[in-house]
Amino acid sequence: MELRIPTPEQLRKIYETDMKEAFPAAELKPLAAIEKMWREGWYKPYCLYDDDGAGPIGTAFLWLGHPGWALLDYLCVSAGWRNDGFGGEILRLLTKAEPGVVIFGEAEAPVHAPDPAMAERRLGFYKRNGLRTAGYETEMFGVHYKTLYLADREVDDEVLMREHEFVYRNSFTAEKYAKYVRIPYDPEHPCAQVPWDQ
């Protein structure tokens, strides 16, 4: 197994097939936004390939913050390869590809998820693969998330929250951030659920 950066053409194909199939529209950034952030150096896509050239088997997209910090924006295993441990393999190889980086992310909170059982399974997957649950939750574009992180040490919630905020503040206008991002989650002031390209 090898984790490597795709070509722009491979990224477009992955987006149109695997990503659109795996993620609801409310959680999927427009391809143009992903490509722009990648060109600007704020985004790094990885693809998992097996030794016989088949693939990609799966993908992990990192949204980069300050050095040493990255948001796991998307993790996806291609439909024909699911339930065989490849998601865990991607995470394991990602920690080797990005040594010393605190990789944090969001997984939909079961309490508000359209499919609470699936959201619970997703959280269980991350826990089995070494991710810790942070002490705060988030809301992005009307979707409520648990915050998780993968690191070789325990990370203070306040420090993690600042880095989490930086990723979004660095990418969105102040108006868009105020309207659609809640770090931490504020149940008293929820956002309307809207697509990422609002």
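Taken over region 126-161, the criterion of being touching a residue at least 24 places away in the same chain (Cβ under 8 Å), farther than 10 Å from Val102 by Cα and assigned to a helix (DSSP H, G or I) is satisfied by Arg128, Met161. Ala117 passes every criterion in (1) loosely packed, with under 14 Cβ neighbours inside 10 Å; (2) in contact (Cβ under 8 Å) with a residue 60 or more places away in the chain; (3) hydrophobic (A, V, I, L, M, F, W, C) apart from (2). A single member of Tyr126, Tyr149, Tyr180 is modelled with pLDDT under 95 and buried (at least 19 other Cβ atoms within 10 Å of the Cβ), and it is Tyr180. Residues that are part of a loop (DSSP other than H, G, I, E, B) and either surrounded by fewer than 16 Cβ atoms within 10 Å (Cβ to Cβ) or among the small types (Gly, Ala, Ser) (or both) within region 17-31 comprise Phe23, Pro24, Pro30, listed in sequence order. Within the set Ile14, Ile34, Ile57, the sole residue that is β-branched (Val, Ile, Thr), surrounded by 14 or more Cβ atoms within 10 Å (Cβ to Cβ) and under 22 Å from Val102 (Cβ atoms) turns out to be Ile34. Remark: pairs (first residue in region 82-104, over 13 Å from Gly68 (Cα atoms); second residue in a helix (DSSP H, G or I); Cβ separation under 9 Å; 6+ apart in sequence or on different chains) = Gly87/Phe125; Gly88/Phe125; Gly88/Arg128; Leu91/Tyr126.
Of all residues in region 37-53, none satisfies being at pLDDT 90 or above, among the acidic types (Asp, Glu) and not in a loop (DSSP other than H, G, I, E, B). Restricting to region 162-177, name every residue that is surrounded by fewer than 16 Cβ atoms within 10 Å (Cβ to Cβ), polar (S, T, N, Q) and within 19 Å of Ile103 (Cβ to Cβ). Passing the criteria: only Asn170.
The values are calculated or read from the model by the stated rules, or taken from the named source; none is laboratory data. If you're wondering where the values come from, they're calculated on a predicted model, not measured in any experiment. No Cβ is skipped: glycine too gets one built from the backbone with ideal geometry, and neighbour counts run over all protein chains shown.
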